[in-house]
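Below you'll find the structure, written out as structure tokens, and then a few comments.
The values are calculated or read from the model by the stated rules, or taken from the named source; none is laboratory data. Just so it is clear, the structure is predicted and the values come from calculations on it, not from any experiment. Ideal geometry is used to build each Cβ from the backbone, glycine not excepted, and the neighbour counts take in all protein chains shown.
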Amino acid sequence: PKESPALTGRPTAPTAEGKDSSTQIANTAFVQAAIAALVGSSPEALDTLNELAAALGNDPNFATTVTNSLAGKMDKSANGSDIENVSVFLQNLGLGEGSALPVGVPVPWPSTTPPTGWLKCNGAAFSAEEYPELAKAYPTKKLPDLRGEFIRGWDDGRDVDSGRALLSEQLDAMQNVTGSLSDNTMGSSLSASGVFNIGSSSGVKYAATSAGSAFSFYSITLDLSRSARTSAETRPRNIAFNYI
């Protein structure tokens with residue numbers, strides 16, 4: 001075979017198949033067909049070189065740019081430890097200052113172990129250096145102890161629960177309970193109402209020296225359980241959560 005022959009005129013060659021990747025000569029028909037196939041498979045907005053260049057930001061080093069951008073992405077296996085500015089990241093997620101849950105607000109949590117970054121409201125002291133924002137909410141550097149407690153809205157001048165300071169504790173109490181007893185002189189028409197109850201008669205007859213007839217003594221008891229559920233404390237219905 002001739003080495004580097006110089007052909008003149010309009011030499012022809014067989015048209016290779018579209019998927020041919022051999023060293024066979026690619027004639028103009030093959031090239032046109034390949035270009036047409038490329039354009040035909042592209043969206044209309046990207047079927048010219050100018051449109052492709054514009055889509056790539058006219059960046060002649062687009063491949064290098066993409067490689068450098070990929071190198072700067074977060075490492076999934078680092079679990080967020082490679083975040084440059086954590087506070088800004090948390091704000092972007094709505095978890096920083098000014099979020100729906102400001103630092104220091106008690107939150108009911110359904111398990112014994114609080115999530116990362118949270119503390120139990122168990123009356124424990126904390127470090128202001130470690131939790132500076134929490135120290136702004138609790139200047140005494142001590143968390144409220146909400147174990148077994150209910151949270152009540154501060155009265156703030158409404159006079160429903162007056163005389164209370166913020167974060168002040170209050171013991172359990174109940175409204176006053178009353179009842180009445182009535183009897184005649186001889187004990188024949190003894191009656192009770194409310195929390196009082198008439199027990200059994202003593203069975204012993206006592207004679208009244210002046211009236212000439214006998215009467216009996218009765219025991220009187222006070223028992224709230226006769227008309228309500230009772231316990232060692234006064235409480236409403238409730239569900240136990242872990243305040244954090």
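Pairing residues of segment 225-244 that are in a loop (DSSP other than H, G, I, E, B) with residues that are of a type in the set (Asp, Glu), at Cβ distances under 6 Å and at least 6 apart in sequence or on separate chains, gives GLU233/ASP172; THR234/ASP172.
If we scan segment 76-94, do we find a residue that is in a loop (DSSP other than H, G, I, E, B), farther than 30 Å from ARG152 by Cα and touching a Phe, Trp or Tyr at 6+ places or on another chain (Cβ under 9 Å)? Yes, the conditions are met somewhere in segment 76-94. Could we say that ALA63 is part of a helix (DSSP H, G or I), among the aliphatic types (A, V, I, L, M) and in the same structural domain as LEU166 (by TED's automatic domain parsing) here? Spelling it out, it is not the case that ALA63 is part of a helix (DSSP H, G or I), among the aliphatic types (A, V, I, L, M) and in the same structural domain as LEU166 (by TED's automatic domain parsing).
With respect to the stated conditions, GLU149 fails to be farther than 20 Å from TYR243 by Cα, in the same structural domain as ALA165 (by TED's automatic domain parsing) and modelled with pLDDT of 80 or more.
From the list LYS120, LYS136, pick out the single residue that is touching a residue at least 60 places away in the same chain (Cβ under 8 Å) and of a type in the set (Lys, Arg). Matching residue, one of LYS120, LYS136: LYS120. Being exposed (fewer than 10 other Cβ atoms within 10 Å of the Cβ), at positive phi and outside any helix (DSSP H, G or I), is that true of even one residue in segment 10-32? For segment 10-32, residues exposed (fewer than 10 other Cβ atoms within 10 Å of the Cβ), at positive phi and outside any helix (DSSP H, G or I): absent. Mind checking which residues of segment 52-84 are at pLDDT below 80, closer than 30 Å to THR116 by Cα and surrounded by 10 or more Cβ atoms within 10 Å (Cβ to Cβ)? Those that are at pLDDT below 80, closer than 30 Å to THR116 by Cα and surrounded by 10 or more Cβ atoms within 10 Å (Cβ to Cβ): MET74, GLY80, ASP82.
Please enumerate the residues belonging to segment 132-148 that are more than 20 Å from the chain's Cα centre (by Cα) and assigned to a loop (DSSP other than H, G, I, E, B). The answer is TYR138, PRO139, THR140, LYS141, GLY148.
Here is the figure for segment 90-103: residues that are modelled with pLDDT of 80 or more and surrounded by 12 or more Cβ atoms within 10 Å (Cβ to Cβ) total 2. Across segment 129-173, the number of residues qualifying as farther than 17 Å from VAL107 by Cβ and touching a helix residue (DSSP H, G or I) at 6+ places or on another chain (Cβ under 9 Å) comes to 2. Checking SER193, SER213, SER225, SER231 one by one, the residue that is modelled with pLDDT under 75 and among the polar types (S, T, N, Q) is SER213 and no other.
Look at LEU166 and say whether it is among the aliphatic types (A, V, I, L, M) and modelled with pLDDT of 90 or more. Taking the combined requirement at face value, the residue satisfies it.
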